[in-house]
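*Asks:* Submitted below is the structure of interest, expressed as structure tokens.
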Amino acid sequence: MLAKSLVIFISVGVIAGFSFGFYLLEIKSTNQLVYVDGSSLSLVTEKSDFKRGEEIKITLINSGTNPLTFSDTSYGLKISGLFGIVMYSPPASPVISTLNPGEKIEFVWNQMKNDSLPVIEGLYKINADGTDSFGIKVEKSITVNIWK
């Protein structure tokens, strides 16, 4: 027969585990797109977990009320590993690009690095940055998982 304190500790642990699991599930399923008054940039993917080799559609949205400018046609988009090493950035022309409020631009990443080699499984950070009409840098990043 188990001691009462052991049964209590196990019960509390199971309940805490389920509660924390549901909490994490809620955080993961929150919407990535939030519209605000002022300057804001949003990055949206159709999901956060991808199979290896699956195309990842990335939507960059000006979710604020101020126009945003970017130094080139890649809209400041960079995909890096968790250590900050840039794995991929789309080909770009050195032309200043503007994203007006509510406008969006879509990119598709085929999970290939800039050197045309495929990425390995793991966590990747998608980052984009621009400048608002007041000269203030506006930046957004999200993470995606790539699995087998």
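The values are calculated or read from the model by the stated rules, or taken from the named source; none is laboratory data. Because the structure is a prediction, the values reported are computed rather than measured. As a convention, Cβ positions derive from the backbone with ideal geometry for all residues, glycine included, and neighbour counts pool all protein chains shown. Ligands, DNA and RNA are excluded from the accessible area calculation, which covers all protein heavy atoms including side chains. Shrake-Rupley method; radii C 1.70, N 1.55, O 1.52, S 1.80 Å.
*Asks:* Output the residues belonging to region 7-58 that are modelled with pLDDT of 80 or more and more than 30 Å from I105 (Cβ to Cβ).
*Replies:* V7, I8, F9, I10, S11, V12, G13, V14, I15, A16, G17
*Asks:* Please count how many residues of region 36-61 are within 15 Å of the chain's Cα centre (by Cα), under 28 Å from S133 (Cβ atoms) and not hydrophobic (A, V, I, L, M, F, W, C).
*Replies:* 4
*Asks:* Among all residue pairs at least 6 apart or on different chains, which show Cβ distances below 8 Å where the first residue, located in region 89-109, is touching a residue at least 12 places away in the same chain (Cβ under 8 Å) and the second is in a strand (DSSP E or B) and open to solvent by 60 Å² or more (accessible area, probe 1.4 Å)?
*Replies:* Here the result reads S89/K78; E106/K57; F107/K57; V108/K57, each pair linking region 89-109 to a residue that is in a strand (DSSP E or B) and open to solvent by 60 Å² or more (accessible area, probe 1.4 Å).
*Asks:* Can I ask one more? Inside region 74-83, can you point out the residues that are assigned to a loop (DSSP other than H, G, I, E, B) and open to solvent by less than 50 Å² (accessible area, probe 1.4 Å)?
*Replies:* Across region 74-83, the qualifying residues are S74, Y75, G76, L77.
*Asks:* OK, next. For region 99-122, enumerate the residues that are open to solvent by 70 Å² or more (accessible area, probe 1.4 Å), more than 18 Å from V44 (Cβ to Cβ) and hydrophobic (A, V, I, L, M, F, W, C).
*Replies:* Those that are open to solvent by 70 Å² or more (accessible area, probe 1.4 Å), more than 18 Å from V44 (Cβ to Cβ) and hydrophobic (A, V, I, L, M, F, W, C): L117, I120.
*Asks:* Also, I was wondering about something else. Residues being modelled with pLDDT of 95 or more and within 17 Å of T131 (Cα to Cα): count how many of those fall in region 77-96.
*Replies:* Of the residues in region 77-96, 2 are modelled with pLDDT of 95 or more and within 17 Å of T131 (Cα to Cα).
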